[in-house]
1. Under 7 Å between Cβ atoms, which residue pairs at least 6 apart in sequence (or on different chains) link something in the stretch 64-79 that is within 13 Å of E41 (Cα to Cα) with a partner that is open to solvent by 80 Å² or more (accessible area, probe 1.4 Å) and at pLDDT 90 or above?
2. List the number of the failed condition for L99; all other conditions in (1) touching a Ser or Thr at 6+ places or on another chain (Cβ under 8 Å); (2) outside any helix (DSSP H, G or I) hold.
3. Would you mind finding the one in L39, L43, L58, L70 that is within 12 Å of the chain's Cα centre (by Cα) and either farther than 20 Å from E97 by Cβ or open to solvent by 60 Å² or more (accessible area, probe 1.4 Å) (or both)?
4. What are the pairs with Cβ atoms under 7 angstrom where one residue, in the stretch 93-116, is within 16 Å of L43 (Cα to Cα) and the other, located anywhere, is crowded, with 16+ Cβ neighbours inside 10 Å and at pLDDT below 95? Sequence gap at least six, or different chains.
5. Scanning the stretch 78-93 for residues that are of a type in the set (A, V, I, L, M) and assigned to a helix (DSSP H, G or I), which turns out most open to solvent (accessible area, probe 1.4 Å)?
6. Identify the residue in the stretch 30-62 that is assigned to a loop (DSSP other than H, G, I, E, B) and basic (K, R) and, among all such residues, is nearest to Q94 (Cα to Cα).
7. Could you identify the single residue in E45, E63, E97, E73 that is touching a Pro at 6+ places or on another chain (Cβ under 6 Å) and charged (D, E, K, R)?
8. Would you check if R75 is surrounded by fewer than 17 Cβ atoms within 10 Å (Cβ to Cβ) and outside any strand (DSSP E or B)?
Amino acid sequence: QGVRKHTREGRFFTRDYPHIIQTAANVACSGVTNYQAALKEGLTELSRQQTRNRHILLLTDGEPTQGDWLVREERRVARHMKVAIHTLFIGTGQCPEILDVLSRETGGGGFAAQPASPDTLVIQKRG
């Protein structure tokens, strides 16, 4: 299992929001969660950019089950590159503590969303 990186016309960064929404709506879950691989890919893509405004949104519905669950190297690289990692946990279970650590250490925001009804999510700021 690995990270599936989505691009639009060969570009990772895009403002084609309808395509992003369509892609996100058609994601199939496999039961494996690897924060490390996803963050590594995001940090690699950001390292190729000349911008100073660097942010990653890590969106997950699960606890890590593969890779380094504490994402030690990715946290170090993000701090070195001055990348703010924002986290959003969506689910009914407890938000994994490492998401709060990631947000806090990198200057990002941490959030958790839980279903309030079949059509509604309640989003709370964390830590």
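The values are calculated or read from the model by the stated rules, or taken from the named source; none is laboratory data. These numbers come from a predicted model, not from an experiment. Quick reminder, even Gly has a Cβ in these numbers, built from the backbone with ideal geometry, and neighbours come from all protein chains shown. Side chains are part of the model used for accessible areas, which takes the heavy atoms of the whole protein and leaves out ligands, DNA and RNA. Shrake-Rupley method; radii C 1.70, N 1.55, O 1.52, S 1.80 Å.
1. Final answer for the pair search is E74/K40.
2. So the condition that L99 fails would be (2).
3. Step by step, each of L39, L43, L58, L70 is checked, and only L43 is within 12 Å of the chain's Cα centre (by Cα) and either farther than 20 Å from E97 by Cβ or open to solvent by 60 Å² or more (accessible area, probe 1.4 Å) (or both).
4. These pairs meet every condition: L102/L58.
5. This residue is M81.
6. R54
7. Only one candidate qualifies: E63.
8. no
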